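Data first, discussion second: the structure below is written as structure tokens.
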Ligand code: LRH
Ligand code: MN
Ligand code: MN
């Protein structure tokens, strides 16, 4: 039997980090549908993130993306966040929107371009110092489009060299999270395409380097929970970029496309002790056609629901069925938890936290959406098209 009090306690302490870029306008390469009332600067993104945390109670940190969130005074940005009841979370680097990076950034054949890329990563660590952020999150668009375009192995050497320089710069308590992605924007090779490559680099770098699993970054059919189990087992899972996908890196709301997959992932997190270790639960998604704040609240709630179900798995019954080789019973134990309607439990938990049990309704009723539409004119692009 699972102890309900322990389940509730775990749900109360869960923290889901929201991404600053999800609050701004975004779109596909075909069209950005601008929405009224979106933030005009990083400070206003934090205002909106404060609302998500106010109504969910479990979204206390906000990830930055540099240069999208570059400001003159990061201490002021942190203070603004604190005023809104949130903190700055991971600092995401961006070495993919500069003309110099046509052939890559940290893996570029030209040392001068590599220098520029590494300098940007070092700048990000400086921002972490100023904001008190723990995590530097690295994703590289680096790769090649055609066989023979560049030397695959030399690019790995350049990657290792650049990462090592940044790793050395990390302070006490700071970490480097390396994110992999199968393809896009490169279509032939990607320099960090999979968890094996990310893991190999992190292993060489040391304790402070961990792998990030973005749920939208795999080939269709990949068993992501297996990767999660393996990384946790090795002590190398740094965190998640949650989002969901039907086709490629769709960046839809977490838990929208395949809630069962999210449950299976969260079960492996629970099984592997991911709640007591330092796994960061981040969202990385864009809301191109739906309202941004409600979509982020929905995503946070979807993560909570998957987590609640994972926590409800009867571990003893499952272990017994597995030991007996009772395939059907073992599967039934897992499915029982998945098929539980956890919404009443989560309403109860929210009530105990002094929150409205229905975050979506409460947010819609609070008038924030109308207020920002009236006050903010000329919202900022989230960054993809900027
Ligand atoms: C790349 C990615 C990475 C970026 C973010 C905006 O596809 O997942 O995490 O930083 O999108
Ligand atoms: Mn990501
Ligand atoms: Mn992505």
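Numbers at a glance
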| quantity | calculated |
| --- | --- |
| Every residue from segment 309-352 that is in a loop (DSSP other than H, G, I, E, B), farther than 23 Å from residue 9 by Cα and either touching a residue at least 40 places away in the same chain (Cβ under 8 Å) or touching a helix residue (DSSP H, G or I) at 6+ places or on another chain (Cβ under 9 Å) (or both) | 324, 326 |
| When residues of segment 1-26 are limited to those that are more than 16 Å from ligand 1 (Cβ to nearest atom) and closer than 30 Å to residue 247 by Cα, the one modelled with the lowest pLDDT | 14 |
| Residue within segment 240-254 that is in a loop (DSSP other than H, G, I, E, B), touching a strand residue (DSSP E or B) at 6+ places or on another chain (Cβ under 6 Å), closer than 19 Å to residue 11 by Cα and within 16 Å of ligand 1 (Cβ to nearest atom) present | yes |
| Candidate set from segment 27-51 (those that are within 15 Å of residue 286 (Cα to Cα) and under 17 Å from the mean Cα position of the chain (by Cα)); member that is nearest to ligand 1 (Cβ to nearest atom) | 45 |
| Residue among 157, 119, 142, 150 that is within 16 Å of ligand 3 (Cβ to nearest atom) and over 22 Å from residue 87 (Cβ atoms) | 142 |
| Scan of segment 195-215 for residues that are surrounded by 17 or more Cβ atoms within 10 Å (Cβ to Cβ) and assigned to a loop (DSSP other than H, G, I, E, B), ordered by number | 208, 215 |
| Enumeration of residues in segment 198-239 that are out of contact with any strand residue (DSSP E or B) (no Cβ under 9 Å at 6 or more places or on another chain) and within 16 Å of ligand 3 (Cβ to nearest atom) | 218, 219, 220, 222 |
| Unique match (being under 30 Å from residue 267 (Cβ atoms) and either buried (at least 23 other Cβ atoms within 10 Å of the Cβ) or modelled with pLDDT of 95 or more (or both)) among 36, 59, 75 | 59 |
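Okay, residues lined up against (1) within 12 Å of ligand 1 (Cβ to nearest atom); (2) more than 25 Å from residue 281 (Cα to Cα); (3) within 21 Å of the chain's Cα centre (by Cα):
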{"position": "96", "(1), (2), (3)": "yes, no, yes"}
{"position": "100", "(1), (2), (3)": "no, yes, no"}
{"position": "113", "(1), (2), (3)": "no, yes, no"}
{"position": "167", "(1), (2), (3)": "no, no, yes"}
{"position": "178", "(1), (2), (3)": "yes, no, yes"}
{"position": "184", "(1), (2), (3)": "yes, no, yes"}
{"position": "191", "(1), (2), (3)": "no, no, yes"}
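The values are calculated or read from the model by the stated rules, or taken from the named source; none is laboratory data. Predicted model, so just to flag it, every value in this text is computed and none were measured. Neighbour counts run over all protein chains shown; Cβ positions are idealised from the backbone, glycine included.
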